[in-house]
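Quick notes on the structure that follows.
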Amino acid sequence: MASGRSTASILAFLFAGLVLYASLYPFEGWVFRGQAPWAWLREPWPRYWTAFDVMANLVGYVPLGLLIGLAQIRNRWPAWSWPLTALLPVVLSLGVETLQVYLPMRVPSRLDLVLNATGGLLGVLMAGLLALTGTERRWDAMRLRWFDPQARGSLVLLALWPFALLYPAPVPFGLGQVAMRLSEQMDRLLADTPFQSWLTAGPSPLPPLGPLTQSLCVMLGLLAPLLLAYGDMPSRVRRFWLMLALIGTGLVVSGLSAALTWGPDHAWSWISAPLWLGVLLAMTGGLAAVFLPQRLCAALLLLTLGVLLAVLNRAPDSPYLAESLELWEQGRFIRFHGLSQWLGWLWPYAALVYGAAMIFCRTDQARHPSRN
């Protein structure tokens, strides 16, 4: 079922924006050095490089090429446009490397361009292979068995959720804590104005979250993607299997985040009794929600996210979180810092908007019979 609004098209557009953001972060210190923007193309090949940088530049563009290729297939672009499709990641990389000329923290190089172009080409070839083998058609048929045809938004959000979990959070699965950052930004913006006292004057800092409150946040953080998926899933049996898959994915990705931050030996150091209690409560709630109508699941999604965001945004940052963020900001993950940060901040609010749309903009949902 091809459509110009296919999930692949949306994800390709979003991924291109995320690549652009990650490549130019932190967008500070722009300077004109008096040289032509394309002068870096004549520079010698870099003498020093790391395996991490090579893999990041190569693998980072594979999903982009894959998504662009899948978008071409779903939108039924003509066959002669495949070479142009393969050139899109190259054009993006060329533009990014050129912009990096004006950023002191970035060093453009032909090696990065070649690696990005190779990764994008590999992704496009993978998309073509999926089409030739019929895998793309089988995936489309499976998607329609699992989700409603209009479930593009929820699929995009579910695909982004694991990446949002990579950024260190105050509580496992506790996405969306932005109040303190917004307060700091507003304080800088209103500095030396009469309005600054309106922000700084307030109650004394709140104590850290207690164990039971942490369990509550873990439960709500896991229930949010489950209810989001349930809102676009009529089958109860498939809801159950998706619940197991999402919770398992969340645990694995959180362990990966800890391993990236502290090292492989500390991948599971964040595991605690409040966490397991929260996971158990989330599985209990997710199992109960399996039997609920889709619209009610969407309504519960809004309630779940509302409570989670209210609790998290009244909680202070922990020293453990501050140290984790410092490692991300100063270590090799600086290029992914802003990318994962924004995903972790904005994912719950995007899910809120989509949940409201499921309730108020889909009049046919109430007449959609549940299927086992």
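What follows is calculated from the coordinates using simple rules that are stated; it is not laboratory data. The shown structure was predicted, so the numbers you read here are calculated from the model rather than taken from an experiment. Cβ sites come from the backbone with ideal geometry, for glycine too, and all protein chains shown count toward neighbours.
With 10 angstrom as the radius, rank LEU209, LEU222 by how many other C-beta atoms surround their C-beta, starting from the fewest.
Values: LEU209 21, LEU222 25.
Lowest count first: LEU209, LEU222.
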The extension gain from VAL237 to TYR349, computed as 0.36 nm times the residue separation minus the Cα-Cα distance, is 37.5 nm
Note on the stretch 77-165: alpha-carbon gyration tensor, axes a ≥ b ≥ c; rule is a/c under 1.5 for rounded, else prolate if a/b larger than b/c, else oblate; result oblate
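Among SER9, SER93, SER257, SER272, which comes first, second and so on when ranked by fewest other beta-carbon atoms within 10 Å?
Working: SER9 19, SER93 25, SER257 22, SER272 14.
In increasing order of surrounding Cβ atoms, one gets SER272, SER9, SER257, SER93.
When a/c reaches 1.5 or more, the comparison of a/b and b/c decides; with that in mind, is the stretch 7-146 rounded, prolate or oblate per its Cα gyration tensor?
Numbers: a/c = 2.38, a/b = 2.21, b/c = 1.08.
It comes out prolate by the Cα gyration axes.
Taking neighbour Cβ counts within 10 Å as the exposure measure, how do ASP148, ASP140, ASP112 sort from fewest upward? Walk me through the intermediate numbers first.
On the way: ASP148 19, ASP140 16, ASP112 24.
Going from least to most buried by this count: ASP140, ASP148, ASP112.
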